[in-house]
1. Where does each of D124, D171, D263 land when they are ordered by accessible area, with a 1.4 Å probe and the largest first?
2. Quote the relative contact order of the chain in percent (integer), defining contacts as alpha-carbon pairs under 8 Å separated by 6+ residues.
3. How big is the Cα convex hull of the stretch 63-212 in projection, averaged over all directions, in nm²?
4. Identify all aspartates and glutamates with a Cα-Cα distance to K94 below 14 Å; exclude those on the same chain that are fewer than 8 residues away in sequence.
5. Rg and Dmax of the stretch 157-206, Cα atoms, in Å?
6. May I ask what percent, to the nearest 5, of DSSP beta bridges between residues of the chain are antiparallel?
7. Compute the relative contact order of the stretch 127-267 as a whole-number percentage, counting only Cα pairs closer than 8 Å that sit 6 or more residues apart in sequence.
8. Check cross-link reach from K160 to the lysines: straight Cα distance under 22 Å, and skip same-chain residues fewer than eight apart.
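The values are calculated or read from the model by the stated rules, or taken from the named source; none is laboratory data. This is a predicted model, so every value here is computed, not measured. Heads up, the Cβs are rebuilt from the backbone with ideal geometry, glycines too, and the neighbour counts pull from every protein chain shown. We work out accessible area using only protein heavy atoms, side chains counted, and drop any ligands, DNA or RNA first. Shrake-Rupley method; radii C 1.70, N 1.55, O 1.52, S 1.80 Å.
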Amino acid sequence: MDFDAVLLLSFGGPEGPEQVRPFLENVTRGRNVPPERLDDVAEHYLHFGGVSPINGINRALIAQLETELRNRGLDLPVYFGNRNWKPYVEDTVKAMRDNGVRRAAVFTTSAWSGYSSCTQYSEDIARARVAAGPDAPELVKLRPYFDHPRFVQIFADSIKAASGAFEQEADARLVFTAHSIPVAADERVGPRLYSRQVAYAASLVAAAAGYPEYDLAWQSRSGPPRVPWLGPDVADHLRTLTAKSVIICPVGFVSDHIEVVWDLDTELAAQAEAAGVALVRASTPNAHPRFAQLAADLIDELRDGRPPERVTGPDPVPGCLASVNGAACCPPHCVARADG
């Protein structure tokens with residue numbers, strides 16, 4: 001399967017104080033989120049000048065990916081589109097159409113299956129193609145990559161680097177985190193495909209980093225208390241630990257965006273300090289050259305017809321089993337067409 005472009009598709013984030021509230025309204029539209037909750041979350045962004053790190057990280061990743069593709073002999077432009085903020089994916093796909101792009105590989109900034117982490121991106125693609133009209137390019141969504149060797153090794157190496165902050169590395173407790181979702185949403189696809197994939201990836205990363213024991217917690221829940229979400233919450237879990245040295249690895253995130261730098265680096269770090277716990281956080285892939293190499297690997301899998309490259313461990317978890325209007329998503333990849 002040949003491509004003449006690549007689309008990096010992401011969540012989006014504000015890049016100035018005046019953009020924070022409109023961005024949050026985009027994210028929560030139709031969900032009946034109380035205005036006071038939006039005010040609370042807006043403060044997280046305003047703490048950092050109203051600028052989310054995510055767009056800047058993605059632009060740096062695009063530059064890395066363009067370099068990696070050239071190194072592999074591929075002259076493919078890399079476009080950038082978001083679900084919730086500029087550059088909106090609808091506008092990007094229209095520009096791709098106008099530039100004569102016929103088929104593009106779509107790399108999303110989510111390693112997982114499940115609705116919000118996979119299927120919703122397929123819906124974004126389909127909506128953008130409808131907006132672009134009958135001449136919209138074909139967009140092929142690359143597979144989830146939670147068990148790709150480069151994904152596993154990037155996190156394993158970041159854990160090893162973080163552990164250097166402790167004189168007695170063996171005494172540090174390793175805790176993985178990922179974004180919590182409602183239990184009902186996790187059971188909607190799979191079943192429990194998202195949480196099983198996170199747990200499996202954590203086991204692969206821990207093994208690669210040399211940690212036979214570790215914990216998995218969840219973060220950033222935003223729903224009403226009466227609705228069950230994946231747990232335990234990482235703040236609650238930290239209170240139960242007897243270890244005085246903790247490494248937090250946000251394996252569920254591919255960049256140090258606001259839910260990492262606020263929820264972990266700000267709130268959880270303050271909690272740890274008050275409890276006398278030495279807390280360090282492992283970095284996410286961000287714009288690391290190996291993350292760009294991972295994206296290029298996924299493109300090569302489809303171009304060359306190669307089987308997916310995976311790290312295998314005990315009780316492996318499958319890729320995406322979601323569906324978009326009855327069409328299988330993802331094995332081995334997702335093709336989002338104008339009719340959905």
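1. From most accessible down to least: D171, D263, D124.
2. That works out to 25 percent.
3. 11.5
4. Partners found: D124, D135, E138.
5. 14.6, 44
6. Taking every DSSP beta bridge within the chain, about 20 percent pair in antiparallel fashion.
7. 32
8. Excluding near neighbours in sequence, the set is K244.
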